[in-house]
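Read the structure below first, then the notes.
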Amino acid sequence: MKPHEVKKLGDDEIDIEVASLRRRLFDLRCQLVTEKVQHTAQFMHIKHDVARLLTEKRAREIAANKEGAK
């Protein structure tokens, strides 16, 4: 997921996407135990996407708090 795609998402969509990616990460970890994962780089990509989403969510919270404090 690209950063410009993340900025287009709404707050609810970000929460849904984070939950989906965390579930996918859990499923990959389960597959790793049974040795069914062929591309281990997927872990890194999913973690980066989760971090991007959470960073954008936090930035929006900070911006909303600044506007509310004025």
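The values are calculated or read from the model by the stated rules, or taken from the named source; none is laboratory data. Treat the numbers as computed from the prediction; the structure is a model and nothing was measured. Heads up, the Cβs are rebuilt from the backbone with ideal geometry, glycines too, and the neighbour counts pull from every protein chain shown.
Per-structure values
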quantity: Selection within region 9-20 - charged (D, E, K, R) and loosely packed, with under 10 Cβ neighbours inside 10 Å; calculated: Asp12
quantity: Region 32-48, residues that are of a type in the set (Ser, Thr, Tyr) and more than 17 Å from Arg22 (Cα to Cα); calculated: Thr34
quantity: The one condition in (1) modelled with pLDDT of 95 or more; (2) exposed (fewer than 12 other Cβ atoms within 10 Å of the Cβ) that Val33 fails to fulfil; calculated: (1)
quantity: Residue satisfying all of: in region 35-70; part of a helix (DSSP H, G or I) and more than 20 Å from Asp11 (Cβ to Cβ); farthest from the chain's Cα centre (by Cα) among these; calculated: Ala41
quantity: Residue check, Arg23 at pLDDT below 95 and either in a helix (DSSP H, G or I) or surrounded by fewer than 10 Cβ atoms within 10 Å (Cβ to Cβ) (or both); calculated: no
